[in-house]
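What follows is a single structure, written as structure tokens, with notes after it.
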Amino acid sequence: MSANILDGKAIAKDILDEVSSKVSELKTSGWDPKLISIKVGENPAVDLYIRNQRLKAEIIGIIFEEKEYPNDISANELQAAIANFNVDPKVTGIFLQRPVPKSISIKTLQKAIHPLKDVEGMHPASIGNIVYNEMELGPCTANGFSRTVETYRSGFKRFGGCGDWALGNCR
């Protein structure tokens, strides 16, 4: 059995180029896309993730704003903040960083984010869209995987013709 090496960096560059072009079109029409990153508490791994998100957003021209909340924030306070971002016309996307404190239900927060601003695609309506293969607002990871499969379709082994794919991660 032979293995195919997938060039994820090339796919990521293509996606960034496409999104950058769309962002440029929006800016030309007078609309500046803005992403809000919500972080609760201190977590160095999350800080690294946010730094990388900010970098990619800046590269493609999206305004990136990080909102940090203390670890002891209540669920109601956090839901109120999300509600404010939902109704703010300048905010086009909301990204909830995980983990959140155990005292706050992640599902409740995911439901609080409006589906049209749900960058992760974790709102129940967004998950329903995935089930129906409506991936325009699907999660980034799922969309990236789909793009990889489409790009390298002929290199994947199909199991029994049923449409399943096998991918491995090795280093």
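Suppose every K and R has +1 on its Cβ and every D and E has -1 on its Cβ; what is the size of the dipole of region 1-121 about the Cα centre, in Debye to the nearest 20?
Numbers: 16 positive and 17 negative charges, 37 e Å.
Charge dipole of region 1-121: 180 debye, to the nearest 20.
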*So, in nm, how far is label Tyr132 from label Leu26 when the simple model puts each one 7 Å beyond its Cα toward the Cβ?*
2.3
*How much of the DSSP beta bridge set in the chain is antiparallel, as a percent to the nearest 5?*
10
*Can you give the angle from 0 to 90° between the axis of helix 8-28 and the longest principal axis of the chain, with both taken from C-alpha atoms, to the nearest 10?*
50
*Order these peptides, 108-116, 86-94, by their mean beta-carbon neighbour count within 10 angstrom, highest first.*
108-116, 86-94
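Once the piece of chain linking His114 and Arg153 is laid out straight, how much longer is it, given 0.36 nm per residue of separation minus the C-alpha distance between them? Please list the in-between numbers first.
On the way: separation 39, 0.36 × 39 = 14.04 nm, distance 3.35 nm.
Computed gain between His114 and Arg153 is 10.7 nm.
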*Any chance you could give the angle, 0 to 90 degrees and rounded to 10, that helix 44-60 forms with the longest Cα principal axis of the chain?*
80
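Under the rule of -39500 (n - 2.57) per DSSP H run of 4 or more residues, summed and divided by the residues of the chain, what mean residue ellipticity at 222 nm is obtained, to the nearest 500 deg cm²/dmol?
On the way: 6 runs with 78 residues, N = 171.
Estimated from H runs of four or more residues: -14500 deg cm²/dmol.
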*Cα-Cα pairs of the chain separated by more than 22 Å (percent)*: 53
_Cut-off under 28 Å on the C-alpha distance; same-chain residues fewer than 8 positions from Lys117 excluded. Which lysines are left, in chain and number order?_
Lys9, Lys13, Lys22, Lys27, Lys34, Lys39, Lys56, Lys67, Lys90, Lys102, Lys107
*Please label the shape of region 8-102 as rounded, prolate or oblate, based on the square roots a ≥ b ≥ c of the eigenvalues of the alpha-carbon gyration tensor (a/c under 1.5 means rounded; beyond that, a/b larger than b/c means prolate, else oblate).*
oblate
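Bear in mind that the values in this text are calculations on the coordinates, not laboratory data. Model, not experiment: these values are computed from the prediction. Methodologically, a virtual Cβ is constructed for each residue, glycine included, from the backbone with ideal geometry; neighbour enumeration extends over all protein chains shown.
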